[in-house]
Structure formats: structure tokens, C-alpha cells
1. As an exercise, use a Förster radius of 41 Å and the Cβ-Cβ distance of residue 88 and residue 63 to find the FRET efficiency, rounded to the nearest 0.05.
2. Answer with a single label: of (i) 21.3, 71; (ii) 15.1, 46; (iii) 12.9, 40, which was calculated as Rg and Dmax of the Cα atoms in Å from the structure in view?
3. Mind checking the full-extension length gain between residue 16 and residue 51? Use 0.36 nm per residue of separation minus the Cα-Cα distance, one decimal, nm.
4. By how many nm would the segment from residue 39 to residue 70 grow when fully extended, if each residue of separation counts as 0.36 nm and the alpha-carbon distance is taken off?
């Protein structure tokens, strides 16, 4: 629960707005916590749940239309940001 809480929490050891190192704590602590969790859980319990997961008929289907829409929104957002920044920069040079 602590790993999940840290991953979803808006409070970090290093704030995310700091370039490059802002996400470094997330990239290190969350995988380290998951590795630690796997080592702590008893092997027989892990095997039991892995078997249940393999036998499950739950399937996540790939939805390419939704993925394309999300990518298009990101690209569109970046294009609008680029356009606004270019306009703002050209206004400042007048």
C-alpha cells in the first residue's frame, strides 16, 4: 500500500517540476519498492496468485482508436503550445 500511495501521491521527495531529477525518485523508488515487495511476499502465495492470473479469462483488448486519440491529443497540445510560444516570442521582439 505504501508503494501505491507514494506513486500516486502529489508529494514527492524531489518535486516533479525540477528538471530531470524531479522524476528520478519515481523512477528509482517505485521499482525498488516493487522488487522489495516481491521478495517479502512468501513464494507459495506468489505462485498461487500467478497461477490464478494465468488461468483467468480476463483479457484486456487493445483499443487502437483510443490510443490514436490520446496520441493525437498530445501532439495537438504540443502543436498549440509551440504555436503560442512562437507568437509570444515574436510579440516580445517588437
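1. 0.65
2. Given (i) 21.3, 71; (ii) 15.1, 46; (iii) 12.9, 40, the structure-derived one carries the label (i).
3. Extra length from residue 16 to residue 51 when fully extended: 8.8 nm.
4. Result for the pair: 7.6 nm of gain on full extension.
Where a number appears in this text, it was derived from the coordinates with a stated rule and is not lab data. These figures come from a predicted structure and were not determined experimentally. Every residue, glycine among them, receives a Cβ derived from its backbone with ideal geometry; neighbour counts consider all protein chains shown.
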